[in-house]
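The values are calculated or read from the model by the stated rules, or taken from the named source; none is laboratory data. These numbers were taken from a predicted model, which means no experiment stands behind them. Please note: Cβ atoms are built from the backbone with ideal geometry, for glycine as well, and neighbour counts cover all protein chains shown.
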Amino acid sequence: MRWILTCLQSMAYLEIADACVHYPVRTAWGASDRVVSAVDGVSLALEKGEVLGLVGESGCGKSSLSRAIMQLQPFTSGSMRLDGEDLSALPPRELRRRRVDFQMVFQDPYASLNPRFSIYSTLVEALSRRSPLPRGEREEAVAELMTRVGLRPDQMFKYPHEFSGGQRQRVAIARAIAPRPKLLLADEPVSALDVSVRSQILNLLLDLRRDLGLTMLFISHDLGVVYHVSDRIAVMRAGRIVEQGTADEVFFHPQHEYTKRLLDAVPSL
């Protein structure tokens, strides 16, 4: 059985093993020896083309884990391999080269977009990350990208403040997929949006997953939303994974008491 599990893990596109993220506790007199364990021994694996939903209440460590996966902050301990390569061991120049393969959609679309950049400038910069884009092809490439996420190409020279929240999140998604990544991390991508546009953004992500062959880690505190988009679900509490399984197993046959409480909090009509 151990040999079988090892073979399955070796097939994973993203593999996280015993990951920990600790923050030092600072007092009025400076740093102390105490730490806060935001992520404590998390192990996850995603196969190519899979959507794994990571669900848990606010403050359980979901965002800390996603930022560490994106190498925006270091793991305190543990390892992460993307397509067999240990990203945490790469020097900065090599990490920048590999970063086009994994991109992130943040929770607040307005805060994640540069207000000084037009949508055109934002997307051209993202499109050029994988390879330089000839000047004569830039406008056409931006138009194609905007159409893919449900925006009108004639809006490309507008600025983020001229768009609604849902439109800004579409721009953020367009920026994330522009360098043609293989892994997409979506950290609470609909929690800041009106209920009326949440399903549109979720369906857009699912369409992109199908059309582009994306592997996706979808993070949310809403188990109902996670069930809608995920193949498998991992439930996180206080920095640890307390339950994992297929979406149907976790949603309809929860084993952990915490998962049952999350299901009780899902609104139903």
Specify which of the listed residues (E139, E57) is over 30 Å from V250 (Cβ atoms) and not in a strand (DSSP E or B).
-> E139
Of the residues S66, S79, S58, S118, which single one is touching a Leu at 6+ places or on another chain (Cβ under 6 Å) and in contact (Cβ under 8 Å) with a residue 24 or more places away in the chain?
-> S66
How many residues are farther than 30 Å from P132 by Cα, assigned to a loop (DSSP other than H, G, I, E, B) and either in contact with a strand residue (DSSP E or B) (Cβ under 6 Å, 6 or more places away or on another chain) or not aliphatic (A, V, I, L, M) (or both) if we restrict to the stretch 176-202?
-> 3
Filter pass, Y110 being touching a His at 6+ places or on another chain (Cβ under 9 Å), touching a residue at least 24 places away in the same chain (Cβ under 8 Å) and either among the aromatic types (F, W, Y) or assigned to a helix (DSSP H, G or I) (or both) | yes
Kindly indicate whether any position in the stretch 163-172 is surrounded by 20 or more Cβ atoms within 10 Å (Cβ to Cβ), outside any loop (DSSP other than H, G, I, E, B) and touching a strand residue (DSSP E or B) at 6+ places or on another chain (Cβ under 9 Å).
-> yes
List pairs: first in the stretch 128-150 and free of Cβ contacts under 8 Å to residues at least 24 places away in the same chain and closer than 19 Å to V105 by Cα, second part of a helix (DSSP H, G or I) and not small (G, A, S), Cβ under 7 Å, 6+ apart or cross-chain?
-> V142/Y120; V142/L123; V142/V124; T147/P153
Can you name every residue in the stretch 154-166 that is under 13 Å from S121 (Cα atoms) and either of a type outside the set (A, V, I, L, M) or in contact with a Leu (Cβ under 7 Å, 6 or more places away or on another chain) (or both)?
-> Q155, F157, K158, Y159, P160
Qualifying residue in the stretch 92-101 (condition: buried (at least 18 other Cβ atoms within 10 Å of the Cβ) and either closer than 21 Å to V190 by Cβ or more than 16 Å from the chain's Cα centre (by Cα) (or both)) | no
From V242, V235, grab the single residue that is in contact with an Asp or Glu (Cβ under 6 Å, 6 or more places away or on another chain), part of a strand (DSSP E or B), under 30 Å from V36 (Cα atoms) and modelled with pLDDT of 95 or more.
-> V235
Is it the case that L206 is of a type in the set (A, V, I, L, M), within 16 Å of V51 (Cβ to Cβ), modelled with pLDDT under 95 and over 13 Å from the mean Cα position of the chain (by Cα)?
-> yes
